[in-house]
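Read through the structure below, which is laid out as structure tokens, and then see the notes.
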Amino acid sequence: RALVVAPASAGRSTQAQGEIAQLIDALGRSGCEFQRNGAWYPADEAQAHLRRKYDYLRKRDLVGSAEQFIERAGTRSSVSGKAYAVRCPGQGTVPSAQWLGTRLSKLRHATP
């Protein structure tokens with residue numbers, strides 16, 4: 001019998017992938033608008049944009065946690081360097097990093 005032991009990072013990677021998928025989905029379902037490069041986009045377009053950025057980073061093994069995803073994909077445009085923002089109905093505009101960070105915290109503290 002061979003004993004197969006998965007590296008500790010495998011569990012973190014699976015957890016991170018799940019958290020990132022939930023963050024992207026939460027934005028897509030939020031009804032909020034997403035600002036990038038000076039223009040506002042509906043939540044479904046923001047969701048597709050962040051999914052593309054995540055796929056790009058993941059293929060290059062550049063994102064190992066939800067925090068890295070927020071920092072590297074969800075904070076600013078990789079082309080212009082301009083910060084992203086989120087504007088939800090009845091609420092003020094906040095930096096996207098703050099919006100995603102708040103969602104991540106809620107996700108991690110939610111009752112299973």
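Leu62 passes every criterion in (1) over 9 Å from the mean Cα position of the chain (by Cα); (2) closer than 16 Å to Gly28 by Cα apart from (2). With the condition kept exactly as written, say whether any residue in region 37-55 is within 18 Å of Arg103 (Cα to Cα), open to solvent by 60 Å² or more (accessible area, probe 1.4 Å) and under 13 Å from the mean Cα position of the chain (by Cα). Scanning region 37-55 turns up at least one residue that is within 18 Å of Arg103 (Cα to Cα), open to solvent by 60 Å² or more (accessible area, probe 1.4 Å) and under 13 Å from the mean Cα position of the chain (by Cα).
Listed by first and then second residue, the pairs linking a residue in region 36-60 that is farther than 18 Å from Thr93 by Cα to a residue that is part of a helix (DSSP H, G or I) and open to solvent by 90 Å² or more (accessible area, probe 1.4 Å), with Cβ atoms under 6 Å apart and 6 or more places separating them unless they lie on different chains, are Leu57/Arg72.
For region 32-76, a residue qualifies if it is among the aromatic types (Phe, Trp, Tyr) and within 19 Å of Gln15 (Cβ to Cβ), and the qualifying residues are Tyr54, Phe69.
Cβ-Cβ contacts under 8 Å between residues 6 or more apart (or on different chains), taken from a first residue in region 69-91 that is touching a residue at least 40 places away in the same chain (Cβ under 8 Å) to a second residue that is among the charged types (D, E, K, R) and open to solvent by 60 Å² or more (accessible area, probe 1.4 Å), are listed as Lys82/Arg76; Tyr84/Arg76; Val86/Glu33; Arg87/Glu33; Cys88/Glu33.
Entry remark, region 88-112: residues being surrounded by 15 or more Cβ atoms within 10 Å (Cβ to Cβ) and not hydrophobic (A, V, I, L, M, F, W, C) number 4 in total.
The values are calculated or read from the model by the stated rules, or taken from the named source; none is laboratory data. For clarity, every value in this text was computed on a predicted model and none was experimentally measured. A quick note on method: Cβ atoms are made from the backbone with ideal geometry, for glycine too, and the neighbour counts reach across all protein chains shown. Heads up: the accessible areas ignore ligands, DNA and RNA and are worked out on the full protein's heavy atoms, side chains in. Shrake-Rupley method; radii C 1.70, N 1.55, O 1.52, S 1.80 Å.
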